[in-house]
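Here's the structure we're looking at; comments come further down.
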Amino acid sequence: MRLVIASRNAHKLRELRELLPECELEPLPEGVELPPETGDTFADNAVVKARAAAEATGLPAIADDSGIEAAALGGRPGVLSARFAGERATDEENLDKLLREVPADGDRRVAYACVLACVDPREPTGAPALFEGRCTGTLASDPRGDGGFGYDPAFVPDDVGDGRTMAELDPAEKDAISHRGRAARAFRDWLRGERAA
């Protein structure tokens, strides 16, 4: 299936191409502007981006919105993960802010959440298909590893059990347990079911 990825994030493009090898994934054309992520939920933001890309290109489009939720912060930064330290904050600045705000001796539980939306402009109802993935873990006290991106250097996933952060896993290990990996596999299973129907 030919799909446009409604993102300019090179890391997400790489991950989704590896997670969905049976799909022909095209980058977002240069002239297409994505709307700002002003939704209250990951689903809101994913849908508005996928819909904008589908309308601009006439092709089915997928978009995801994802972030980290810290138990000690009542689920923040959540949908604000990419701009937790400010609109133009770097990954390092966002991670530094999270490490400062979560008490060292407090609740260190965190979760990555992702919602992937698919919008097909040929679908009569225009209803998006939504797929969610989660990965739980613990926030490390200091960043470790040079793989991944975002909050990965301080996210110790529960699924691995050996204390490595997401940034210390190889890409295949990360994709097997990550929030985006889980959402993409749910989407892939749905696609297979749709084609078989």
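Values in this text are rule-based calculations from the coordinates and carry no lab data. Bear in mind that the values here come from a model prediction, so they are computed numbers and not experimental data. When we count neighbours, we look across all protein chains shown, and the Cβ atoms used for this are built from the backbone with ideal geometry, even at glycine.
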Legend entry - Exclusive hit being part of a helix (DSSP H, G or I), surrounded by fewer than 16 Cβ atoms within 10 Å (Cβ to Cβ), free of Cβ contacts under 8 Å to residues at least 12 places away in the same chain and within 19 Å of the chain's Cα centre (by Cα), set 87, 92: 92
Legend entry - residue 34 part of a helix (DSSP H, G or I) and touching a residue at least 12 places away in the same chain (Cβ under 8 Å): no
Inset, instruction - Name the residue, out of 72, 127, that is surrounded by fewer than 21 Cβ atoms within 10 Å (Cβ to Cβ), among the hydrophobic types (A, V, I, L, M, F, W, C), over 14 Å from the mean Cα position of the chain (by Cα) and not in a loop (DSSP other than H, G, I, E, B). - result: 72
Inset, instruction - Determine which single condition residue 163 fails, assuming it passes every other condition in (1) within 14 Å of the chain's Cα centre (by Cα); (2) more than 21 Å from residue 19 (Cα to Cα). - result: (1)
Inset, instruction - Report yes if some residue within segment 5-20 is in a loop (DSSP other than H, G, I, E, B), surrounded by 16 or more Cβ atoms within 10 Å (Cβ to Cβ), in contact with a strand residue (DSSP E or B) (Cβ under 9 Å, 6 or more places away or on another chain) and hydroxyl-bearing (Ser, Thr, Tyr); otherwise report no. - result: yes
Inset, instruction - Please work out which residue is surrounded by the fewest Cβ atoms within 10 Å (Cβ to Cβ), limiting yourself to segment 169-187 and to residues that are in contact with a strand residue (DSSP E or B) (Cβ under 9 Å, 6 or more places away or on another chain) and of a type outside the set (A, V, I, L, M). - result: 185
Inset, instruction - Determine, yes or no, whether residue 134 is basic (Lys, Arg) and within 23 Å of residue 17 (Cβ to Cβ). - result: yes
Inset, instruction - Among the candidates 122, 109, 144, 134, single out the residue that is in contact with a Pro (Cβ under 9 Å, 6 or more places away or on another chain), of a type outside the set (S, T, N, Q) and surrounded by fewer than 16 Cβ atoms within 10 Å (Cβ to Cβ). - result: 122
